[in-house]
Amino acid sequence: MNGIKENITRLRAEVPDEITIVAVSKTRSVQEINEAYNAGHRDFGENKVQELLQKSPLLPPDTQWHFIGHLQRNKVKSVVPVVHLIHSLDSISLMEEINKEANKISRTIDCLLQFHIASEETKYGLNFQEAVQLIENKQRNNLVNISIAGVMGMASFTEDTELIRHEFHQLKKIFQLLKSDFFYNDLNFRNISMGMSGDYHIAVSEGSTIIRVGTAIFGDRIYPVK
Ligand SMILES: *Cc1c(COP(=O)(O)O)cnc(C)c1O
């Protein structure tokens, strides 16, 4: 295993410049995150609110924090002040809560609509019809403290690369449909967050604009025994 800095440099050289690489720092120490920061990296992803809140004050203020996990409504208030992009908007009630808390602190929070594209049952996410309902609700209620900045999805956990490619292709199609139907003039609706350490090559070739990479930067995750 190379060092964190070398991994970032290699990854950066591998994917086109316009693609954002979110370094998924869940379970990693502040020291490891700092190593990436000192290599010039600024975008980091966390999937647990408590971990995000512990780490974010310990990194420089220009660090951009991406929330990539399932977000509960009662945690929104603490996430909204520190987050750069929420990748996991998956319900109207969550949208209303984010809008409310963002309004209180005069922010507009960028969020991605998380879609269920995997064949597995367990993963969170919207289907197309639910997403349309959410967007129409946002427009009807004029929720201006949230901006829908694109879509996010996770492919199936499988060796079947053709299935993974198909799922990413579906997400890109969903993005294009929503773009033409609802966001034609909205330049902020522009992101497709797809691709992780094991499948980012496929995601990039299917049109990803943001990849979320953990182990390929920081090495294998070791989950502490609780
Ligand atoms: C952990 C995680 C990742 C990164 O996974 P790796 O396989 O370590 O690259 C990406 N996206 C989400 C939503 C995650 O929870």
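Scanning the stretch 9-55 for residues that are polar (S, T, N, Q) and farther than 22 Å from Gly198 by Cβ turns up Ser29, Gln31, Asn34, Asn38, Gln50, Gln54. Look at (1) more than 16 Å from the chain's Cα centre (by Cα); (2) open to solvent by 20 Å² or more (accessible area, probe 1.4 Å) and you find that Met196 fails only one, number (1). Selection over the stretch 106-131 of residues that are within 17 Å of Phe183 (Cα to Cα), touching a residue at least 40 places away in the same chain (Cβ under 8 Å) and not in a strand (DSSP E or B) gives a count of 2.
Just checking, which of Ile164, Ile174, Ile135, Ile146 is among the aliphatic types (A, V, I, L, M), in contact (Cβ under 8 Å) with a residue 24 or more places away in the chain and either surrounded by fewer than 16 Cβ atoms within 10 Å (Cβ to Cβ) or within 16 Å of the ligand (Cβ to nearest atom) (or both)? Unique residue meeting the criteria: Ile164. Hey, among the residues in the stretch 1-12 that are outside any helix (DSSP H, G or I) and open to solvent by 40 Å² or more (accessible area, probe 1.4 Å), which one's farthest from the ligand (Cβ to nearest atom)? Only one residue fits best here, namely Asn2. Checked against the criterion of being more than 27 Å from Arg12 (Cα to Cα) and not in a helix (DSSP H, G or I), the candidates His66, His70, His84, His41 yield just one match: His70.
Out of Glu35, Glu14, Glu46, one residue alone is more than 18 Å from the chain's Cα centre (by Cα), over 22 Å from Gly207 (Cβ atoms) and acidic (Asp, Glu). It is Glu35. Please tell me if Ser156 is closer than 19 Å to Ser56 by Cβ and not hydrophobic (A, V, I, L, M, F, W, C). No, not satisfied. The residue of the stretch 196-216 that is farthest from Trp65 (Cα to Cα), among those that are more than 8 Å from the ligand (Cβ to nearest atom) and either of a type in the set (Val, Ile, Thr) or at pLDDT below 95 (or both), is Ile202. Of all residue pairs spaced 6 or more apart or on separate chains, those with beta-carbon atoms under 9 Å, a first member in the stretch 12-32 that is within 16 Å of Ile222 (Cβ to Cβ) and among the hydroxyl-bearing types (Ser, Thr, Tyr) and a second member that is open to solvent by less than 40 Å² (accessible area, probe 1.4 Å) and assigned to a loop (DSSP other than H, G, I, E, B) are Ser25/Gly214; Thr27/Gly214. Quick one: is Asn191 farther than 28 Å from Leu11 by Cβ and out of contact with any Phe, Trp or Tyr (no Cβ under 6 Å at 6 or more places or on another chain)? No, not satisfied. Restricting attention to the stretch 48-63, the residues being acidic (Asp, Glu) and part of a loop (DSSP other than H, G, I, E, B) number 1. Restricting the stretch 13-40 to residues that are of a type outside the set (Val, Ile, Thr), within 16 Å of the ligand (Cβ to nearest atom) and open to solvent by 20 Å² or more (accessible area, probe 1.4 Å) leaves a set whose member that is nearest to Val213 (Cα to Cα) is Lys26. Touching a residue at least 24 places away in the same chain (Cβ under 8 Å) and open to solvent by less than 20 Å² (accessible area, probe 1.4 Å): does that describe Leu58? So Leu58 fails the test. Considering the stretch 87-105, and only residues there that are outside any strand (DSSP E or B) and of a type in the set (A, V, I, L, M, F, W, C), the residue that is most open to solvent (accessible area, probe 1.4 Å) turns out to be Ile105.
The values are calculated or read from the model by the stated rules, or taken from the named source; none is laboratory data. This structure is a prediction, so every number in the text was calculated from the model and none was measured. No Cβ is skipped: glycine too gets one built from the backbone with ideal geometry, and neighbour counts run over all protein chains shown. Just the protein is used for accessible areas: all its heavy atoms, side chains included, with ligands, DNA and RNA removed. Shrake-Rupley method; radii C 1.70, N 1.55, O 1.52, S 1.80 Å.
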